[in-house]
Amino acid sequence: MNAGLLIIILLLGLALLGFPIYIALGIGALAALNLADLPLIVLPQRMFAGMNGSALLAIPFFILAGNIMSRSITGKLIDICNAIIGHIKGSLSLVTILASALFGAISGSGVATASAIGGITIPAMKREGYPAPFAVGVASISSILGPIIPPSIVLIVYASITNVSVAELFLGSVLPGIILAVALIAYGLYYGHKHNLPAHEKPNLRKIGSSVRKGIWALLMPIIILGGIFGGIFTPTEASAVAVVYSLIISLFVYKDMSFKELPQVFVEGAVSTATIMVMVGLSSASSYVITTSGLPQQLVSFFSSITNSPVVILLLLNILFLIIGMLMEANAAVVMMTPILLPLLNAFGIDLLQFGIVMSFNLCIGLVTPPVGLCLLLCNQTGETRLSHSLKAMMPMLLISIIVLFLITYVSPLTTLLPSIMAG
């Protein structure tokens with residue numbers, strides 16, 4: 001048996017049995033090394049090489065910034081959104097979507113977005129009489145905006161493998177993120193009017209101004225971070241450090257709703273999350289090395305070439321593949337695992353690596369709300385205290401919208417390449 005194929009079989013099999021992804025990756029890598037008669041020293045060597053990338057330095061900082069935000073700045077973002085659109089029927093669902101987009105513009109994490117935003121808005125929606133499954137569904141699907149709208153941890157991992165510019169990937173993901181957010185808001189408006197969901201009293205300009213004034217420092221955070229990256233003031237890695245410093249200053253000294261006593265717990269949680277991702281990245285790098293040296297990517301190119309010579313069909317097949325993988329595997333692990341396998345295929349069919357990175361990231365983020373993994377769906381469902389099947393049913397129209405947007409950005413390339421080309425020009 002091909003050593004690379006053995007890794008994939010063991011990974012999927014052990015994941016379905018409930019093994020953590022990093023353990024499944026480790027077992028698969030060791031078994032493949034033994035099958036290929038490669039020295040076991042390859043495992044730690046490739047793990048270190050996989051984690052030794054400057055772009056990956058941004059991951060712990062963005063995670064830490066998200067943890068700090070969830071204790072302080074998140075509430076201010078929600079208050080601003082609620083003040084502006086609270087008079088619309090079903091406004092809390094729209095607030096959830098907008099706040100998730102703003103939160104995602106700093107944290108880059110879907111799970112952090114689901115916890116920080118959904119943890120506040122799901123109970124609020126239930127108190128106002130929203131159906132619990134719908135509250136869970138809209139918070140779950142909105143959380144995927146976190147890793148889609150820049151900065152995105154998934155795109156940082158992809159950039160570390162392909163050497164595509166992180167800044168260009170961030171620019172390319174702006175329009176897809178906005179399109180998805182607008183589409184979800186449109187559905188929220190339709191659902192709110194159809195089911196006559198409650199609306200708050202229409203606020204006057206004084207109330208809106210008061211909310212914006214109180215939350216201006218929170219609102220400035222994504223503007224500073226993304227503006228700095230796209231304006232060339234600092235790199236994405238430097239931006240992640242700026243995000244941490246800014247969020248600490250605002251939380252501790254401006255809003256003063258976080259104390260120094262909470263910092264150790266915040267740092268520990270950030271360290272654990274970072275370690276989890278980095279171990280998966282390292283083990284995935286080792287596994288990818290074995291897969292590449294086994295010749296499996298070349299066999300994959302030959303197989304697809306025998307089926308079709310159309311990039312359109314290839315992209316369709318890859319999207320279907322990643323929708324399935326997203327149900328079974330954590331997004332960052334999937335990116336590190338599959339990208340080296342697919343690079344020869346992408347090059348052979350002339351598929352743009354920038355566009356494909358955004359499409360793959362978008363696709364795998366949908367996996368955050370699709371069982372059996374579906375971490376964001378499970379987290380929001382736990383918060384909403386309702387049956388998972390009911391939440392999944394309520395989320396289905398929004399999931400379909402997400403898939404439609406996925407295929408839109410797959411086949412309309414300017415949606416991902418226009419902004420990077422404009423900035424490059």
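The values are calculated or read from the model by the stated rules, or taken from the named source; none is laboratory data. What you see is a predicted model, and the numbers here were worked out from it, not measured in a lab. Cβ atoms come from the backbone with ideal geometry, glycine included; neighbour counts cover every protein chain shown.
In this structure, does Ile358 turn out to be farther than 29 Å from Arg46 by Cβ, of a type in the set (A, V, I, L, M), within 18 Å of the chain's Cα centre (by Cα) and not in a loop (DSSP other than H, G, I, E, B)?
Numbers: farther than 29 Å from Arg46 by Cβ: no; of a type in the set (A, V, I, L, M): yes; within 18 Å of the chain's Cα centre (by Cα): yes; not in a loop (DSSP other than H, G, I, E, B): yes.
For Ile358, the condition - farther than 29 Å from Arg46 by Cβ, of a type in the set (A, V, I, L, M), within 18 Å of the chain's Cα centre (by Cα) and not in a loop (DSSP other than H, G, I, E, B) - is not met.
With (1) more than 23 Å from Phe362 (Cβ to Cβ); (2) part of a helix (DSSP H, G or I) as the list, and Gly129 as the residue in question, which single condition is left unmet?
Status for Gly129: all satisfied but (2).
When you check Leu248 against the structure, is it surrounded by fewer than 19 Cβ atoms within 10 Å (Cβ to Cβ), more than 20 Å from the chain's Cα centre (by Cα), at pLDDT below 90 and within 17 Å of Ser107 (Cβ to Cβ), yes or no?
Working: surrounded by fewer than 19 Cβ atoms within 10 Å (Cβ to Cβ): yes; more than 20 Å from the chain's Cα centre (by Cα): yes; at pLDDT below 90: no; within 17 Å of Ser107 (Cβ to Cβ): yes.
Taking the combined requirement at face value, the residue does not satisfy it.
Show the residue pairs that are 6+ apart or on different chains and have beta-carbon atoms under 7 Å apart, the first residue being within the stretch 222-243 and among the hydrophobic types (A, V, I, L, M, F, W, C) and assigned to a loop (DSSP other than H, G, I, E, B), the second being surrounded by 17 or more Cβ atoms within 10 Å (Cβ to Cβ) and at pLDDT 85 or above.
Within 7 Å, the pairs are Phe234/Gly228; Phe234/Val242.
List the number of the failed condition for Ser143; all other conditions in (1) surrounded by fewer than 24 Cβ atoms within 10 Å (Cβ to Cβ); (2) at pLDDT 85 or above hold.
Looking at each condition in turn, Ser143 falls short on (1).
Test of understanding: among Ile324, Ile366, Ile358, Ile351, which residue is under 20 Å from Ser173 (Cα atoms), surrounded by fewer than 22 Cβ atoms within 10 Å (Cβ to Cβ) and not charged (D, E, K, R)? Lay out the reasoning, then the answer.
Details: Ile324 fails: under 20 Å from Ser173 (Cα atoms); Ile366 fails: surrounded by fewer than 22 Cβ atoms within 10 Å (Cβ to Cβ); Ile358 fails: surrounded by fewer than 22 Cβ atoms within 10 Å (Cβ to Cβ).
Exactly one of Ile324, Ile366, Ile358, Ile351 is under 20 Å from Ser173 (Cα atoms), surrounded by fewer than 22 Cβ atoms within 10 Å (Cβ to Cβ) and not charged (D, E, K, R), namely Ile351.
Would a scan of the stretch 161-172 turn up a residue that is modelled with pLDDT of 90 or more, closer than 30 Å to Pro131 by Cβ and either in contact with an Asp or Glu (Cβ under 8 Å, 6 or more places away or on another chain) or small (Gly, Ala, Ser) (or both)?
Scanning the stretch 161-172, I find no residue that is modelled with pLDDT of 90 or more, closer than 30 Å to Pro131 by Cβ and either in contact with an Asp or Glu (Cβ under 8 Å, 6 or more places away or on another chain) or small (Gly, Ala, Ser) (or both), so the answer is no.
Here are some residues: Ser259, Ser247, Ser165, Ser210. Which one is polar (S, T, N, Q) and closer than 20 Å to Thr113 by Cβ? Full working, then the answer.
Working: Ser259 fails: closer than 20 Å to Thr113 by Cβ; Ser165 fails: closer than 20 Å to Thr113 by Cβ; Ser210 fails: closer than 20 Å to Thr113 by Cβ.
Going through Ser259, Ser247, Ser165, Ser210 in turn, the sole match is Ser247.
Looking at this structure, is Met258 part of a loop (DSSP other than H, G, I, E, B), out of contact with any Pro (no Cβ under 7 Å at 6 or more places or on another chain) and touching a residue at least 60 places away in the same chain (Cβ under 8 Å)?
Details: part of a loop (DSSP other than H, G, I, E, B): yes; out of contact with any Pro (no Cβ under 7 Å at 6 or more places or on another chain): yes; touching a residue at least 60 places away in the same chain (Cβ under 8 Å): yes.
It is true that Met258 is part of a loop (DSSP other than H, G, I, E, B), out of contact with any Pro (no Cβ under 7 Å at 6 or more places or on another chain) and touching a residue at least 60 places away in the same chain (Cβ under 8 Å).
Quick one: in the stretch 171-204, of everything that is farther than 23 Å from Val138 by Cβ and out of contact with any Ser or Thr (no Cβ under 7 Å at 6 or more places or on another chain), which residue is surrounded by the fewest Cβ atoms within 10 Å (Cβ to Cβ)? Before the answer, list the steps.
Keep residues of the stretch 171-204 that are farther than 23 Å from Val138 by Cβ, which gives 171-172, 204.
Remaining after also requiring out of contact with any Ser or Thr (no Cβ under 7 Å at 6 or more places or on another chain): 171, 204.
Numbers: Leu171: 25, Asn204: 9.
If we take residues in the stretch 171-204 being farther than 23 Å from Val138 by Cβ and out of contact with any Ser or Thr (no Cβ under 7 Å at 6 or more places or on another chain), then Asn204 is surrounded by the fewest Cβ atoms within 10 Å (Cβ to Cβ).
Condition (residue is part of a loop (DSSP other than H, G, I, E, B) and over 18 Å from Thr74 (Cα atoms)) applied to the stretch 203-213: is it met by at least one residue? Before you say what the answer is, go through the steps one by one.
Here is the first cut: in the stretch 203-213, the residues part of a loop (DSSP other than H, G, I, E, B) are 203-204.
Those left that are additionally over 18 Å from Thr74 (Cα atoms): 203-204.
Checked against the condition, which is being part of a loop (DSSP other than H, G, I, E, B) and over 18 Å from Thr74 (Cα atoms), the stretch 203-213 yields at least one hit.
Residues of the stretch 79-90 being surrounded by fewer than 24 Cβ atoms within 10 Å (Cβ to Cβ) and touching a residue at least 40 places away in the same chain (Cβ under 8 Å), which ones?
Asp79, Ile80, Asn82, Ala83, Ile84, Gly86, His87, Ile88, Lys89
Would you tally the residues in the stretch 179-208 being at pLDDT below 85 and touching a helix residue (DSSP H, G or I) at 6+ places or on another chain (Cβ under 9 Å)? Talk me through it step by step, then tell me what you get.
The first filter runs over the stretch 179-208 and keeps only residues at pLDDT below 85, leaving 198-208.
Keeping just the survivors that are touching a helix residue (DSSP H, G or I) at 6+ places or on another chain (Cβ under 9 Å) gives 198-200, 203, 207-208.
The number of residues fulfilling the criteria is 6.
I'm trying to understand the selection: among the residues of the stretch 79-93, which are among the aliphatic types (A, V, I, L, M) and over 25 Å from Ile63 (Cα atoms)?
Let us first name the residues in the stretch 79-93 that are among the aliphatic types (A, V, I, L, M), namely 80, 83-85, 88, 92.
Listed by number, the residues that qualify are Ala83, Ile84, Ile85, Ile88, Leu92.
Can you name the number of the only condition in (1) over 17 Å from the mean Cα position of the chain (by Cα); (2) of a type outside the set (Ser, Thr, Tyr); (3) assigned to a helix (DSSP H, G or I) that Ala139 fails?
(1)
Please count how many residues of the stretch 98-133 are more than 22 Å from the chain's Cα centre (by Cα), crowded, with 24+ Cβ neighbours inside 10 Å and either hydrophobic (A, V, I, L, M, F, W, C) or over 20 Å from Lys194 (Cα atoms) (or both).
1
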